[in-house]
Amino acid sequence: MTTRSNDNAERRIWIPARFLDWGYDSSSSNPLDAAVLERAYSIWNHASGKLDTPCTEFDRVDVVTTLKRAVTQRVSALKRSYGFHLIPLADKPKRDLDMLYRLGLIRPIMLRNLIEIRNTLEHEDAAPPDDDACVALSEFVWYFLKSTDPLLKSRLSEITYVGDFDDPGPDEMTSPDDYPEYGHVHYLHPTEGPPLVIMRLPKAGIRSSAQEGYLEVVETSARRTVFERDDLTIVEGSIVGPADQLERLWLGYFQGLRY
């Protein structure tokens with residue numbers, strides 16, 4: 001897919017955002033560094049190992065502190081891999097756990113509980129949880145790591161959306177030309193720029209100014225005609241707005257990461 005060209009930076013159009021309601025037809029991912037995935041488990045294993053034998057008060061303090069380290073390491077790895085803090089969201093949460101929750105990736109109550117316990121140990125010299133409570137925290141952290149493993153194994157990079165069309169008959173073949181509308185969205189890391197789109201759509205659907213339910217696109221290539229379809233065209237560019245549709249775009253992206 002073509003990257004943004006400065007020569008075309010002001011060629012702005014608006015295209016319908018309805019494709020965000022369509023199902024994924026296909027997707028592709030880029031693998032991530034396996035060592036980053038395993039680091040949190042190395043930290044977790046240290047805490048878990050202590051719970052295999054009778055623990056003293058100081059052992060349990062070490063367990064809680066180490067479990068919190070495992071969570072912090074995993075959250076930091078996710079933040080680096082996906083650039084959460086750069087994603088355009090209204091009323092963006094300041095805390096990393098709140099951001100992950102906003103994106104639908106975690107349920108933070110037990111993680112917050114772990115952080116609060118660790119803080120009382122460090123700042124108030126409180127007594128650590130008993131053995132059973134430490135085991136419960138350890139198991140919860142393990143489940144947290146397992147549930148976020150797919151996010152660090154690979155990063156979803158490109159999605160193809162396809163609109164509804166009449167099902168073919170038993171002797172008919174399908175090809176991309178059978179679809180009146182479809183689009184590919186390439187999701188760059190937020191540090192690399194906005195998502196890129198190649199969209200096939202009716203010419204009449206393109207607007208030259210903002211309209212509700214439309215995405216603002218900076219075109220990066222000349223529009224292409226569709227063979228034997230004078231009513232259709234193909235546009236290519238960077239998705240730059242508006243804010244509400246960008247938020248919808250990214251929330252849909254994160255909801256699809258596990259599938």
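The values are calculated or read from the model by the stated rules, or taken from the named source; none is laboratory data. Computed from a predicted model, the values in this text were never measured in an experiment. We place every Cβ from the backbone using ideal geometry, glycine too, and count neighbours over all the protein chains shown. We work out accessible area using only protein heavy atoms, side chains counted, and drop any ligands, DNA or RNA first. Shrake-Rupley method; radii C 1.70, N 1.55, O 1.52, S 1.80 Å.
Using only the alpha-carbon atoms, how far is helix 34-50 inclined from the longest principal axis of the chain? Give it as 0 to 90 degrees, nearest 10. Taking the Cα atoms of the chain, the angle to 34-50 is about 20 degrees.
Any idea of the accessible area per residue across the chain, 1.4 Å probe, to the nearest Å²?
54 Å²
Measuring r between the beta carbons of residue 191 and residue 57 and using R0 = 41 Å, the FRET efficiency lands at 0.40. Our helix-only sum for the chain, with -39,500 (n - 2.57) per DSSP H run of n ≥ 4 divided by its residues, gives a mean residue ellipticity at 222 nm of -13000 deg cm²/dmol. If you take all other residues with their beta carbon under 12 Å from the beta carbon of residue 248, and give Lys and Arg +1 and Asp and Glu -1, the sum is -2. Between residue 228 and residue 207, the FRET efficiency from the beta-carbon distance, with R0 = 25 Å, is close to 0.50.
In percent, how large is the relative contact order of the chain, given Cα pairs closer than 8 Å and 6 or more residues apart?
Details: 399 pairs, mean separation 83.7, N = 259.
Once divided by the residue count of the chain, the mean separation gives 32 percent.
A cut-off under 9 angstrom between Cβ atoms defines the neighbours of residue 31, and their net charge, with Lys, Arg +1 and Asp, Glu -1, is +1. Shown here: the range 15-119, whose C-alpha atoms stretch 63, 31, 21 Å along the first, second and third principal axes, sorted largest to smallest. Each label was represented as a point 7 Å from its Cα along the Cα-to-Cβ direction; for residue 247 and residue 146 these points are 3.4 nm apart. The local environment of residue 56, defined by Cβ-Cβ distances under 11 Å, has a net charge of -2 under the rule Lys, Arg +1 and Asp, Glu -1. Taking the 1.4 Å solvent-accessible surface of the chain as the whole, the part contributed by carbon and sulfur is 49%.
Taking the longest Cα principal axis of the chain as reference, the axis of helix 109-124 is set at about 40 degrees.
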